[in-house]
1. Taking 0.36 nm per intervening residue step and subtracting the Cα-Cα distance, what contour gain separates Arg213 from Glu265 on full extension?
2. Using unit Cβ charges (K, R positive; D, E negative) and no other charged atoms, how large, in debye to the nearest 20, is the dipole of the chain about its Cα centre?
3. How much FRET efficiency would the formula 1/(1 + (r/R0)^6) give for Lys156 and Leu20, where r is the Cβ-Cβ distance and R0 is 51 Å, rounded to 0.05?
4. Note down the net charge around Glu142, summing +1 for each Lys or Arg and -1 for each Asp or Glu among other residues with Cβ under 13 Å from its Cβ.
5. Classify the chain from the C-alpha gyration tensor, please: rounded if a/c falls under 1.5, else prolate or oblate depending on whether a/b exceeds b/c.
6. Could you pull out the chymotrypsin sites (Phe, Trp or Tyr not before Pro) across segment 1-46 that fall in loop regions by DSSP (anything but H, G, I, E, B) with no more than 13 other Cβ atoms inside 10 Å?
7. Taking DSSP loops as anything outside H, G, I, E and B, show the longest stretch in the chain free of GluC sites (Glu not before Pro) there with at most 11 other beta carbons within 10 Å.
8. For the residue pair Arg9 and Lys84, what label-to-label distance in nm results when each label sits 7 Å from Cα along the Cα-to-beta-carbon direction?
Amino acid sequence: MQFPEYRPRRLRRNRNFRRLLRETALSVDDLIMPLFVRHGKGVRAEIPSMPGQCQYSPDTLVEKAAALAKAGIPAVMLFGIPAKKDAEGGEAFSDEGIVQQSIRAIKKAKIDILVIADVCLCEYTDHGHCGIIVNGEVHNDETLKRLAKSAVSFAKAGADVIAPSDMMDGRVQAIRKALDESGFSDTPIMSYAAKFASAFYGPFRDAAESPPRMYMEDRATYQMDPANAEDAMREIALDIAEGADIVMVKPALPCLDIIRRAKDEFHYPLAAYCVSGEYAMIKAAARNGWLDEKKCVMEMMTAIKRAGADMILTYWAEEIAAWLK
Ligand code: PBG
């Protein structure tokens with residue numbers, strides 16, 4: 001059929017037609033809220049480059065997690081800011097680390113929400129890189145040992161999911177093996193499988209106090225080149241082969257093509273991370289009256305789902321849950 005017989009506008013004539021024809025639905029069930037936690041009590045420190053987002057202390061984090069569970073959000077992802085940073089990132093694998101304490105606090109309060117623990121060293125190292133430095137470079141296999149220890153320590157604290165974001169080679173295999181040997185064979189791994197060296201992580205590095213400070217100015221020797229899609233497919237294939245239960249693509253909007261290819265090629269549970277810079281740019285434009293925040297966010301999230309994501313990590317999770325009501 002062709003014009004004038006076929007007229008696509010017939011099915012767009014009013015809201016009810018559009019509701020019936022809508023192909024992609026966003027639900028509160030799809031959302032994961034990232035949260036930042038630091039030592040202290042009663043802390044709710046606003047993050048200037050991420051308006052509306054805070055660093056919490058374990059007590060206020062529990063309140064936040066309870067509010068998110070009440071809003072129907074199924075999961076949170078935790079990032080920790082340690083009391084002290086060192087060359088090894090010691091607090092990442094100390095049972096008294098800030099994330100370990102926070103997981104225990106959320107579990108003790110019996111909040112009905114999954115706790116996903118981000119595993120990486122960049123928040124914990126004084127140099128700000130995601131691994132151990134040997135001879136001025138991030139040493140892959142030395143880093144794997146610490147990541148595995150960190151993952152086991154989070155699992156022991158009660159983490160429901162382990163999410164490695166470091167981009168070392170072989171980390172999913174090392175973490176899976178360590179979890180299994182420690183009695184956590186039922187703890188799933190959500191791997192940041194296709195993680196690009198993106199400038200859109202800028203505000204996160206303020207929030208987590210984790211910019212690379214020494215040796216190399218960026219993470220380009222371990223995170224992927226944003227120009228590469230084939231490399232992304234290889235990374236995802238490797239993580240699945242090593243035992244990842246959910247694979248993630250990050251960032252989201254600049255990578256809709258990667259999300260689509262990942263879904264089509266692997267038919268595997270797929271997460272997309274709408275990162276701090278994506279959040280900051282819409283917030284900034286909305287504050288200037290240049291964009292309608294709610295409409296833009298709903299369009300973005302729908303596009304990320306349309307591209308093939310099963311779940312979305314987003315700092316807007318709580319607001320979206322309210323908008324969907
Ligand atoms: C840690 C990590 C980062 C993000 C998630 N985990 C920062 C980075 O790799 O530099 C970014 C998240 C965001 O920007 O919202 N490795």
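1. Details: separation 52, 0.36 × 52 = 18.72 nm, distance 3.73 nm.
Full extension from Arg213 to Glu265 adds 15.0 nm.
2. Details: 43 positive and 46 negative charges, 379 e Å.
Once rounded to the nearest 20, the dipole reads 1820 debye.
3. On the way: r = 50 Å, r/R0 = 0.97.
Calculated value: 0.55.
4. Numbers: positive: Lys145, Arg146, Lys149, Arg171; negative: Glu88, Glu137, Asp141, Asp166, Asp169.
Around Glu142, the surrounding residues sum to -1.
5. Prolate is the answer for the chain, as a/c is 1.5 or above and a/b outweighs b/c.
6. On the way: sites: Tyr6, Phe17, Phe36; in loops: Tyr6.
In loop regions of segment 1-46 (DSSP not H, G, I, E or B), the sparsely surrounded chymotrypsin sites (Phe, Trp or Tyr not before Pro) are Tyr6.
7. Values: sites that count: Glu5, Glu23, Glu96, Glu217.
Longest gap between qualifying sites, sites excluded: 97-216.
8. A separation of 7.1 nm, rounded to one decimal place.
Where a number appears in this text, it was derived from the coordinates with a stated rule and is not lab data. On a predicted model such as this, the values are computed, not experimentally measured, just so you know. We place every Cβ from the backbone using ideal geometry, glycine too, and count neighbours over all the protein chains shown.
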